[in-house]
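Have a look at the structure below, then the notes.
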Ligand SMILES: [Zn+2]
């Protein structure tokens with residue numbers, strides 16, 4: 001009896017759903033220990049988050065190739081399994097619906113981060129229009145110096161456009177203009 005109470009206490013503490021009949025003390029203690037360790041680790045992780053993130057990043061950098069290959073392998077397996085694919089889709093839809101605002105906010109921050117990187121680069125950290133010196137970042141845009149900007153934009157917008165520039169190591173074919181100068185330039189080149 002005492003034994004059973006013991007088991008119950010343990011699985012109540014850790015919130016485990018277990019079948020007592022098929023569950024021996026060893027397993028219970030083992031799971032209890034694992035759970036305890038996890039809890040302990042979590043607190044420790046929170047305290048030294050930066051250290052762990054740093055370590056994880058370093059690990060990723062040194063094992064990048066094999067990690068990507070393994071992820072690829074997993075993905076190839078999942079792709080061929082219609083049940084798993086349906087599960088993933090259902091999860092994605094419900095996740096997106098639940099976290100709509102959070103996702104939009106994340107995208108906005110990421111887009112702004114990339115945009116600032118690009119603007120800073122092409123203005124040599126001055127954040128101003130190349131023609132008139134206007135310096136309100138809200139109205140600064142990336143301009144294709146020799147035109148073709150509107151076609152470029154049609155294909156790529158926002159994040160994809162900034163990423164393309166960054167991945168190409170900031171090619172010298174762009175400059176930063178304010179909205180006014182952008183429109184004036186377009187008129188001069190009769191792009192309208
Ligand atoms: Zn300007």
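Where a number appears in this text, it was derived from the coordinates with a stated rule and is not lab data. As the structure is a computational prediction, the values presented were derived from the model and not from experiment. Glycine gets a Cβ as well: all are built from the backbone with ideal geometry, and neighbour counts include every protein chain shown.
Bin width 10 Å, origin at 0, all Cα-Cα pairs of segment 103-188: what percent of pairs per bin?
In whole percents, the pair-distance histogram is 18, 52, 28, 2.
Rounded to the nearest 0.05, what FRET efficiency is calculated for residue 127 and residue 45 with R0 set to 30 Å and r the Cβ-Cβ distance?
Step by step, r from the Cβ atoms, then E = 0.20.
Specify whether the C-alpha gyration tensor of segment 56-98 places it in the rounded, prolate or oblate class, a ≥ b ≥ c being the square roots of the eigenvalues: rounded for a/c under 1.5, otherwise prolate if a/b is larger than b/c and oblate if not.
Oblate is the answer for segment 56-98, as a/c is 1.5 or above yet b/c matches or exceeds a/b.
For an R0 of 25 angstrom, estimate the FRET efficiency from the Cβ-Cβ distance between residue 72 and residue 95 and round to the nearest 0.05.
Computed FRET efficiency for residue 72 and residue 95: 0.65.
Let me have the relative contact order for segment 103-188, percent, based on Cα pairs under 8 Å that are six or more residues apart.
Averaging sequence separation for qualifying contacts and normalising by length gives 39 percent for segment 103-188.
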